[in-house]
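Engineer: Sharing a structure here in structure tokens format.
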Amino acid sequence: MPVLNERDYLRRAVETVLRQEVDGPVELVIALGPSSDGTTELARELAAEDDRIVLVDNPAADIPVGLNAAIRASTMPTIVRVDAHSELAPGYTARALATLARTGAGNVGGIMRADGRTPFQRAVARAYNSRVGLGGGAYHGGDREGEAESAYLGVIRRAVLEEVGLFDESIRRGEDWELNLRIRSAGYRVWFDPALSVTYWPRESWPRLARQFFATGTWRGELVRRYGLRNSLRFFAPPALVLAVVLSIVAGVLQLTGTLTGAWATLAWVVHAPVLAYVLLVLAVAMGPGGGTGLRDKLWTLAVLPTMHLSWGAGFLVGVAHGAQDTVDTSRLDGRNTPLP
């Protein structure tokens, strides 16, 4: 469990991990980033209360660096990746171990069930749990067990991890997808089991959400530079939306200023069609059951969906054009990366 500025979530996350009942010994290795909110002190208190907790330092605060440090400090044959912003459902680990044994897969994951404590966070959670929000990855709402492209968090055989070389420490976002790509390329299966459930608490404010999704999109652009069309086609939808919006704005300006006339002005309306279709889709989701129960919920949903899509898409275009370079997600701590998905 890599952590950084997670004092409000850490204790509950640790409790759900240590309450897992499995047939054998368990240890929880926490990789401590340079927190400024008391997270490190709380982690030390928790370690003093339970000798199954092991602490390691992660001064870089990067996700894969912390994960690799924790893995190297661990001693068990199976690695269960967990996060401080997530809570494991009862029976999660036992079920995952059974699924690993039953399928022979190299990595097993389940459903990310986003939840919220405030109206805004609940709107983000609804977007996470919607196919319109995050685009149809199995762990965002799939119900069929089977092979998958990637896994949320993941329960991984240590031997497989060591064979493929652990997490790539040059990747700050999307490191789980890249690891699962190498696992599949090595001949192992990545398996999705919808009976596995993890509660995830998303970002708590609009600016943080936008910064998170811009950074994530930028790193997806970097992964496209590295791996091309081995990336799923669904990753190309948000940047296509950004380009459509830009073209629509340009066409609108040319129409309003009279630069386009006659048949060209009429043809320009075709450019607006994709954006209009997107607006109608978002309105339908926000005003329908997926938008929540009250007007406040629906308005937040109406704001959250395009924020996620346009921020991610803009980041993607930057990443494809220039690479991710030193891009970090500052939505948890300004100027530093966050160890959260």
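The values are calculated or read from the model by the stated rules, or taken from the named source; none is laboratory data. Predicted model only: the values in this text are computed from it and were never measured. Cβ sites come from the backbone with ideal geometry, for glycine too, and all protein chains shown count toward neighbours. Accessible surface is based on the protein model in full, side chains and every heavy atom, while ligands, DNA and RNA are left aside. Shrake-Rupley method; radii C 1.70, N 1.55, O 1.52, S 1.80 Å.
Engineer: Return the pair list, or none, for Cβ contacts closer than 7 Å from residues in segment 53-74 that are in contact (Cβ under 8 Å) with a residue 60 or more places away in the chain to residues that are among the aromatic types (Phe, Trp, Tyr), at least 6 apart or on different chains.
Structural biologist: Cβ pairs passing all conditions: Pro64/Phe167; Leu67/Phe167; Asn68/Phe167.
Engineer: Quick check on my filter: what residues within segment 200-224 are touching a helix residue (DSSP H, G or I) at 6+ places or on another chain (Cβ under 6 Å), among the basic types (Lys, Arg) and in a helix (DSSP H, G or I)?
Structural biologist: Within segment 200-224, Arg220 is the sole residue that qualifies.
Engineer: Hey, another quick one. Against the condition farther than 17 Å from Val155 by Cβ and hydroxyl-bearing (Ser, Thr, Tyr), how does Thr75 come out, does it pass? Before the answer, list the steps.
Structural biologist: Working: farther than 17 Å from Val155 by Cβ: no; hydroxyl-bearing (Ser, Thr, Tyr): yes.
So Thr75 does not fit the description; no.
Engineer: What number of residues in segment 143-160 are crowded, with 22+ Cβ neighbours inside 10 Å and more than 17 Å from the chain's Cα centre (by Cα)? Talk me through it step by step, then tell me what you get.
Structural biologist: At the first step, the residues of segment 143-160 found to be crowded, with 22+ Cβ neighbours inside 10 Å are 148, 150-156.
Imposing the further condition that a residue be more than 17 Å from the chain's Cα centre (by Cα) reduces the set to 156.
Residues flagged as crowded, with 22+ Cβ neighbours inside 10 Å and more than 17 Å from the chain's Cα centre (by Cα) within segment 143-160 amount to 1.
Engineer: Could you list all residues from segment 1-21 that are in contact (Cβ under 8 Å) with a residue 40 or more places away in the chain and surrounded by fewer than 17 Cβ atoms within 10 Å (Cβ to Cβ)?
Structural biologist: Passing the criteria: Arg12, Arg19, Glu21.
Engineer: Still on this structure: Scanning for something over 17 Å from the mean Cα position of the chain (by Cα) and under 22 Å from Val132 (Cβ atoms), does segment 260-273 turn up at least one residue?
Structural biologist: For segment 260-273, residues over 17 Å from the mean Cα position of the chain (by Cα) and under 22 Å from Val132 (Cβ atoms): present.
Engineer: Here is a list: Ser197, Ser150. Which entry is in a loop (DSSP other than H, G, I, E, B) and polar (S, T, N, Q)? Steps first, please.
Structural biologist: Working: Ser197 fails: in a loop (DSSP other than H, G, I, E, B).
Matching residue, one of Ser197, Ser150: Ser150.
Engineer: Also: Filter segment 255-268 for residues that are assigned to a helix (DSSP H, G or I) and over 23 Å from Gly313 (Cβ atoms); which is least open to solvent (accessible area, probe 1.4 Å)?
Structural biologist: Ranking the candidates gives Ala265 first.
Engineer: Yes or no: Gly174 of a type in the set (Gly, Ala, Ser), in contact (Cβ under 8 Å) with a residue 12 or more places away in the chain and crowded, with 19+ Cβ neighbours inside 10 Å?
Structural biologist: Yes, satisfied.
Engineer: Might you let me know whether segment 185-193 holds any residue that is crowded, with 19+ Cβ neighbours inside 10 Å, out of contact with any Phe, Trp or Tyr (no Cβ under 7 Å at 6 or more places or on another chain) and aliphatic (A, V, I, L, M)?
Structural biologist: Yes, because at least one residue in segment 185-193 is crowded, with 19+ Cβ neighbours inside 10 Å, out of contact with any Phe, Trp or Tyr (no Cβ under 7 Å at 6 or more places or on another chain) and aliphatic (A, V, I, L, M).
Engineer: Next up: Could you tell me whether Gly110 is more than 19 Å from Tyr9 (Cβ to Cβ) and open to solvent by less than 10 Å² (accessible area, probe 1.4 Å)?
Structural biologist: In short, yes.
Engineer: Give the number of residues within segment 279-300 that are open to solvent by 70 Å² or more (accessible area, probe 1.4 Å) and touching a Lys or Arg at 6+ places or on another chain (Cβ under 7 Å).
Structural biologist: Of the residues in segment 279-300, 1 are open to solvent by 70 Å² or more (accessible area, probe 1.4 Å) and touching a Lys or Arg at 6+ places or on another chain (Cβ under 7 Å).
Engineer: Starting from residues that are touching a residue at least 24 places away in the same chain (Cβ under 8 Å) and assigned to a helix (DSSP H, G or I), keep the ones in segment 40-51 and report whichever is farthest from Gly24 (Cα to Cα).
Structural biologist: We begin by selecting, within segment 40-51, every residue touching a residue at least 24 places away in the same chain (Cβ under 8 Å); these are 42-43, 46, 50.
If we keep only those that are assigned to a helix (DSSP H, G or I) as well, we get 42-43, 46.
Working: Leu42: 27, Ala43: 24, Leu46: 21 Å.
Looking at the filtered set, the residue picked out is Leu42.
Engineer: Restricted to segment 225-254, and to residues that are among the small types (Gly, Ala, Ser) and part of a helix (DSSP H, G or I), which residue is nearest to Asp326 (Cα to Cα)?
Structural biologist: My answer is Gly228.
Engineer: Also, quick follow-up: For the condition touching a Leu at 6+ places or on another chain (Cβ under 8 Å), farther than 17 Å from Gly133 by Cα, open to solvent by 30 Å² or more (accessible area, probe 1.4 Å) and not hydroxyl-bearing (Ser, Thr, Tyr), what is the one hit in Leu276, Leu317?
Structural biologist: On inspection, the qualifying residue turns out to be Leu317.
Engineer: Same structure again: Looking at Gly292, is it at pLDDT below 95 and closer than 30 Å to Gly174 by Cα?
Structural biologist: Answer is yes for this residue.
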